[in-house]
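To keep things clear, I will list the structure first and then write my remarks on it.
The values are calculated or read from the model by the stated rules, or taken from the named source; none is laboratory data. The structure displayed is predicted, hence computed values, not measured ones. Glycine gets a Cβ as well: all are built from the backbone with ideal geometry, and neighbour counts include every protein chain shown. The protein model used for the area step is the full one, side chains on, heavy atoms only, and it has no ligands, DNA or RNA in it. Shrake-Rupley method; radii C 1.70, N 1.55, O 1.52, S 1.80 Å.
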Amino acid sequence: NLKVTHYNNGDEIQFVQSESSEPDVWENLSTGAYGYYNDDPSHLDTYGNLYNWAAVNDDRGLCMDGWHVPSDEEFKLLEIYLGMDPDEADNSFDRGTDEGSQLAGDEELWTNGDLENNEVFGISGFTGLPGGNTNWQSIGLADFGESGGHWSTDERGTNEYGENASDWGVYYANSYLTNQASLKPYGKSIRCLENIYGCTDSTMWNYNENANTDNNSCIE
């Protein structure tokens, strides 16, 4: 999980304490911020930082050069590769069969449940971790040791509580995956994806079906 405390241009990302000390701080932020679950910096080495979605969306960038925060479509490619039906990958909320177990890892960190008890636990090498969430309202979010949510770059509209973005997560009690709309002020983990360059024109010799940009690389 990402651990950076500065944007790519060197500017600091604002550090904010979690709901344990100041319940409304995250709610009122419209700029990027990060923190630790329960304000405990000892979680950093294992679980990384928790970021709000404004940090994800900041033009200064969070990921190292040549990497980026994944989009919904890129998360779907990963799920389909792990065996999820492509039609189901377009759905929200609970989806798939054992893809969550495949993506999780390090069973000693997880609360005992269906996620880690599935025989395919950890085989993908993604090693999703139960880093919890920082949040400003108790709306059924799972705690440290039970869930791991990862932001995507996609927005998901507005509800009665505020603006939302896509959150891809695993939960200790289920072997499947969840894609849901989470409020942008929540703090969640981030995984960066390496840029894959190649030509997106299937008639070209250097066609790459997994390319996320053609990078002007379609060469006859």
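Say whether the condition of being part of a strand (DSSP E or B), open to solvent by less than 30 Å² (accessible area, probe 1.4 Å) and at pLDDT below 90 is met by at least one residue in region 136-159. Before you say what the answer is, go through the steps one by one.
From region 136-159, those part of a strand (DSSP E or B) are 147-159; that's our starting set.
Those left that are additionally open to solvent by less than 30 Å² (accessible area, probe 1.4 Å): 147-152.
Among the residues that remain, those that are also at pLDDT below 90 are: none.
No - not one qualifying residue is present in region 136-159.
Out of Ala173, Ala165, report the one residue that is assigned to a loop (DSSP other than H, G, I, E, B) and of a type in the set (A, V, I, L, M, F, W, C).
Working: Ala165 fails: assigned to a loop (DSSP other than H, G, I, E, B).
The unique qualifying residue is Ala173.
Of everything in region 20-44, what is at pLDDT 90 or above and surrounded by fewer than 16 Cβ atoms within 10 Å (Cβ to Cβ)? Give them in sequence order. So that I can check it myself, show each step before the final result.
Step one: list which residues in region 20-44 are at pLDDT 90 or above, which gives 31-34.
Residue satisfying the conditions is Thr31 alone.
Out of (1) under 15 Å from the mean Cα position of the chain (by Cα); (2) buried (at least 16 other Cβ atoms within 10 Å of the Cβ); (3) not acidic (Asp, Glu), what's the single condition that is false for Thr127?
Looking at each condition in turn, Thr127 falls short on (2).
In contact (Cβ under 8 Å) with a residue 60 or more places away in the chain and open to solvent by less than 60 Å² (accessible area, probe 1.4 Å): does that describe Leu77? Talk me through it step by step, then tell me what you get.
On the way: in contact (Cβ under 8 Å) with a residue 60 or more places away in the chain: yes; open to solvent by less than 60 Å² (accessible area, probe 1.4 Å): no.
Considered against the rule, which asks whether it is in contact (Cβ under 8 Å) with a residue 60 or more places away in the chain and open to solvent by less than 60 Å² (accessible area, probe 1.4 Å), Leu77 comes out as no.
Applying the selection to region 176-197, what residues are at pLDDT below 90, surrounded by fewer than 19 Cβ atoms within 10 Å (Cβ to Cβ) and not in a strand (DSSP E or B)?
Correct list: Asn195, Ile196.
Collect the residues in region 87-107 that are open to solvent by 70 Å² or more (accessible area, probe 1.4 Å) and free of Cβ contacts under 8 Å to residues at least 12 places away in the same chain, keeping them in residue-number order. It would help to see each step written out before you state the result.
First, the residues of region 87-107 that are open to solvent by 70 Å² or more (accessible area, probe 1.4 Å): 87, 90-91, 93-94, 97, 106-107.
Asp87, the sole residue that qualifies.
Could you tell me which residue of region 33-60 is nearest to Gln17 (Cα to Cα), considering only residues that are more than 15 Å from the chain's Cα centre (by Cα) and assigned to a loop (DSSP other than H, G, I, E, B)?
In this case the residue turns out to be Tyr36.
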